[in-house]
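Written out below as structure tokens is the structure these notes cover.
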Amino acid sequence: MAKSKKKDPDGPITIKKYANRRLYNTQTSNYITLDFLAEMTRDDIDFVVVDAKTGEDITHNVLTQIIVDEESTGEGMLPVKFLRQLISMYGNSMQSMMPSYLEASMDNFRKNQQQFQDAVEGALSKNPIGKMALENQKQFQEAVEKAIKSSPLAGVVEKAMSLGSQDNTAEEEPEEELSEKDLEILELKQQLADIQSKIAKLDD
């Protein structure tokens with residue numbers, strides 16, 4: 001669900017921008033950075049930026065500068081094709097309609113953002129493919145456990161596994177030498193433990 005802007009009862013927070021580019025938060029009576037202003041934006045804190053000398057509202061310019069700075073970090077979010085299309089709209093007869101269209105599109109995206117995240121995070125456990133993966137994992141686990149139990153050196157395998165999980169100061173030699181087949185079983189069991197760990201994280 002989209003977050004609503006955190007509005008102050010007395011209106012948005014006023015940020016004054018001085019000629020030296022310093023930003024002054026009139027609510028907290030201290031100077032802030034552009035990065036801090038970006039964080040306020042991400043937290044949906046309502047504010048307006050005004051020119052300290054003229055009182056002109058320059059919020060649009062400052063927000064645009066934040067976007068430019070974010071895009072210049074190397075982790076840009078706006079694709080080149082979109083930027084080209086956006087630039088081409090300047091001077092176009094449809095330019096006046098673009099602000100309301102873009103705003104409505106973003107509002108709609110944010111309203112569905114939480115539902116989208118829930119769908120992605122729950123994909124493994126909720127859709128048919130996810131259920132199939134879980135069932136395959138269960139069958140794989142049963143097959144490995146059956147193979148271990150039927151091994152002639154099952155007792156040695158279990159002892160080797162227990163030794164690996166203990167915090168001993170001295171190394172202990174196994175009573176019997178493991179065959180190549182039993183070593184493969186040990187490897188499969190470790191892979192099974194890794195798979196179980198990953199699935200447990202998905203369920204959290």
Next item on the list: Express in Å², to the nearest 10, the accessible area of GLU187 obtained by rolling a 1.4 Å probe over the protein heavy atoms while all chains stay in place.
Entry: 110
Notebook entry, point to check: Pulled fully out, how much extra length does the chain show between THR54 and ARG21, if you take 0.36 nm times their separation in residues and subtract their Cα-Cα distance?
Noted result: 10.5 nm
Checklist line | C-alpha center-to-center spacing [the stretch 34-65, the stretch 90-115] in angstrom | finding: 20
Next item on the list: Using all C-alpha to C-alpha distances in the stretch 11-70, build P(r) with 10 Å bins and read off the rounded percent in each one.
Entry: 23, 64, 13
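Using 0.36 nm per residue of separation minus the Cα-Cα distance, give me the extension gain between GLN191 and PHE116 in nm, one decimal.
Values: separation 75, 0.36 × 75 = 27.00 nm, distance 3.13 nm.
Taking GLN191 through PHE116 to full extension adds about 23.9 nm, to one decimal.
The values are calculated or read from the model by the stated rules, or taken from the named source; none is laboratory data. Keep in mind the model is a prediction, meaning the values are calculated, not measured. With ligands, DNA and RNA removed, areas are computed over all heavy atoms of the protein, side chains included. Shrake-Rupley method; radii C 1.70, N 1.55, O 1.52, S 1.80 Å.
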